[in-house]
Every structure is written in C-alpha cells, then in structure tokens.
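Q: So that we are looking at the same thing, I have put the structure below in structure tokens.
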Amino acid sequence: MIKLKSLMLFNFSFTSTMIYMNKTVELLNLWAKYEEENPKAELSQFCQAYLVNQEKNKQKTGFWQSPVPPDSVSMLTKLVGRIVKLHSIYSVVAFKDCGISSFDEFLYLNSIANSSNPKKTDVIWANFNELSSGLLILDRLKKANLIVEQGDELDKRTKRLEITKEGASALKDCYQKLTEVNETCFGGLAEEQVQLCIQVLQPVEASLARQWLEDKKK
C-alpha cells in the first residue's frame, strides 16, 4: 500500500514537472520565433505581443452598433475616441453637482489650480483648444466665480489667472465624482493593464502634443 502511494505521488510529481517543462519549452519557442522575425525587439515587446495574441484568440474585436474600421490604427483611434466620449458623458453628468458644465471646464480649472498664475493662452494651448473656444471656457469659469483674472506686472496687456476658494472647492468635489466615474468606466481592468495602457500611449500623447504646439507657432 505504501509503495502504491509512493508510486502515485511520483507519477503526479513527474507529470506536473513535464507539464511545467512543456510550457517553458513552448514559451521559449515562441520567443525564438518572435526574435527571429523582430531581431531588434526587447523582451518586454515580446511579452506585450504575446498577451495581445492571447486576447485576440479569446474575443472578437468589434464596436457596439458601429462598423469596424479597415485597419488597426483606425481601430485604435476609434476605440480611444469612443472611450473618451463615453467617459466625458458620464463625467459631465457627475460634475453638474459641482457647478461644472463641461469636461473642458474641469480641465481648465485643474490647469489653473496646478500652475502659478498662468496666462490665458498658456491654459488654452495646454488643453489643445483654439483661442476663441478657450476664451469662452475661461469666461464661463470667471462668471461662475471659480477663477479670477489678475494683471501682469511686466505686461499690462497680459491677464493672468488664479483659482478662487470656490473654484478649489469645486475642483475637489469634481475629483471625488471622477473617482466614481473612473470606476464605472475602467473598474474591469486590473492595475497592471491600466499601467500597460499608460506606458504604451503616453509617448504617443507627448509626441502629438509637441507636434501640435510646433504647428501652432507656424
């Protein structure tokens, strides 16, 4: 009886080891194939590609009541745009209790709160708006007594902005509401997935922002 138990335990251990080794060999083979096709690739890129392929096999890519674009870049653009649109819709509904009527107003208020008496144009350019649209947003914030204008000591033509006590309170309330909205929109993602999205997309945003500012100066 003891010999039988020992034999069963050995077989289980041997089988588990073989399964583990087989998966290791499979992973090494996949890496070798990827490295052959992408000789300059880093290990982190292989890991990302592997995870993407695994997800592709699990679910079919598509949009709710909307056609799928013909190429992957257009697919990404549409995906990001629709997520931002839906997130903005939920946010604006939540912000109404805070005296904020648009997501742009929240972004402007946040920019002013985290800058030292910025100029109007600094806030507008930082949020990728045209001058006319940006001035309207700032005017709404000023009328709501969330920000105030101050003169510039060195340039009388320049107006600088400062958040008011009411504005700071509204911004704090907005962030509390935004936590709930973010949970609604992204609660299904693990922290590792969120960090991966940030790592992949942040360089794209930085590059586009620099290019946009250079184009504005032309």
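The values are calculated or read from the model by the stated rules, or taken from the named source; none is laboratory data. Here the structure is a predicted model, which means the values were calculated and not measured. All Cβ positions, glycine included, derive from the backbone under ideal geometry; neighbour counts span all protein chains shown.
Q: Residue check, R157 against (1) crowded, with 18+ Cβ neighbours inside 10 Å; (2) more than 30 Å from E183 (Cβ to Cβ); (3) not hydrophobic (A, V, I, L, M, F, W, C), all met but one. Which one?
A: So R157 meets the others, but not (1).
Q: Check whether at least one residue in segment 66-83 is of a type outside the set (D, E), out of contact with any Phe, Trp or Tyr (no Cβ under 8 Å at 6 or more places or on another chain) and surrounded by 17 or more Cβ atoms within 10 Å (Cβ to Cβ), and report yes or no.
A: no
Q: Looking for something surrounded by 13 or more Cβ atoms within 10 Å (Cβ to Cβ) and among the polar types (S, T, N, Q) - is there at least one such residue anywhere in segment 103-114? Reasoning before the result, please.
A: The initial filter retains those residues of segment 103-114 that are surrounded by 13 or more Cβ atoms within 10 Å (Cβ to Cβ), namely 103-113.
Restricting the remaining residues to those that are among the polar types (S, T, N, Q) gives 110-111.
Looking through segment 103-114, at least one residue is surrounded by 13 or more Cβ atoms within 10 Å (Cβ to Cβ) and among the polar types (S, T, N, Q).
Q: Might you check whether a residue that is surrounded by 15 or more Cβ atoms within 10 Å (Cβ to Cβ), among the polar types (S, T, N, Q) and touching a helix residue (DSSP H, G or I) at 6+ places or on another chain (Cβ under 6 Å) occurs anywhere in segment 129-142?
A: Of segment 129-142, the ones surrounded by 15 or more Cβ atoms within 10 Å (Cβ to Cβ) are 129, 134, 137-138, 140-142.
When the remaining residues are screened for being among the polar types (S, T, N, Q), the result is 129.
After this cut, where a residue has to be touching a helix residue (DSSP H, G or I) at 6+ places or on another chain (Cβ under 6 Å) as well, the list is none.
Scanning segment 129-142 turns up no residue that is surrounded by 15 or more Cβ atoms within 10 Å (Cβ to Cβ), among the polar types (S, T, N, Q) and touching a helix residue (DSSP H, G or I) at 6+ places or on another chain (Cβ under 6 Å).
Q: Counting just the residues of segment 143-154 that are in contact with a strand residue (DSSP E or B) (Cβ under 9 Å, 6 or more places away or on another chain) and under 26 Å from K96 (Cα atoms), which one comes out surrounded by the most Cβ atoms within 10 Å (Cβ to Cβ)?
A: As a first pass, look at segment 143-154 and keep what is in contact with a strand residue (DSSP E or B) (Cβ under 9 Å, 6 or more places away or on another chain): 146-152.
From what is left, the residues that are under 26 Å from K96 (Cα atoms) are 146-149.
Working: L146: 26, I147: 22, V148: 15, E149: 11.
Filtering first and then ranking leaves L146.
Residue-by-condition table, conditions (1) out of contact with any strand residue (DSSP E or B) (no Cβ under 9 Å at 6 or more places or on another chain); (2) over 27 Å from E183 (Cα atoms):
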site: S44; (1), (2): yes, yes
site: V68; (1), (2): yes, no
site: K78; (1), (2): no, no
site: H87; (1), (2): yes, no
site: G99; (1), (2): yes, no
site: S102; (1), (2): yes, no
site: N117; (1), (2): no, yes
site: N127; (1), (2): yes, no
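Q: Being in the same structural domain as I89 (by TED's automatic domain parsing) and modelled with pLDDT under 95 narrows it down to one of K119, K143, K177, so name that one. So that I can check it myself, show each step before the final result.
A: Numbers: K143 fails: modelled with pLDDT under 95; K177 fails: modelled with pLDDT under 95.
Going through K119, K143, K177 in turn, just one is in the same structural domain as I89 (by TED's automatic domain parsing) and modelled with pLDDT under 95: K119.
Residue-wise test of (1) free of Cβ contacts under 8 Å to residues at least 60 places away in the same chain; (2) out of contact with any Phe, Trp or Tyr (no Cβ under 6 Å at 6 or more places or on another chain); (3) among the hydrophobic types (A, V, I, L, M, F, W, C).
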| residue | (1), (2), (3) |
| --- | --- |
| W125 | no, yes, yes |
| N129 | yes, yes, no |
| L146 | yes, yes, yes |
| E153 | yes, yes, no |
| T158 | yes, yes, no |
| I163 | yes, yes, yes |
| E180 | no, yes, no |
| E191 | yes, yes, no |
| Q199 | yes, yes, no |
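Q: Can you tell me which residue among D122, D104, D155, D97 is in contact with an Asp or Glu (Cβ under 8 Å, 6 or more places away or on another chain) and acidic (D, E)? So that I can check it myself, show each step before the final result.
A: On the way: D122 fails: in contact with an Asp or Glu (Cβ under 8 Å, 6 or more places away or on another chain); D104 fails: in contact with an Asp or Glu (Cβ under 8 Å, 6 or more places away or on another chain); D155 fails: in contact with an Asp or Glu (Cβ under 8 Å, 6 or more places away or on another chain).
D97 is the lone residue from the list that is in contact with an Asp or Glu (Cβ under 8 Å, 6 or more places away or on another chain) and acidic (D, E).
Q: Another question, if that's okay. Taking S91 as meeting all but one of (1) part of a helix (DSSP H, G or I); (2) of a type in the set (G, A, S); (3) within 25 Å of L213 (Cβ to Cβ), write down the number of the exception.
A: Against the list (1) part of a helix (DSSP H, G or I); (2) of a type in the set (G, A, S); (3) within 25 Å of L213 (Cβ to Cβ), S91 comes up short only on (3).
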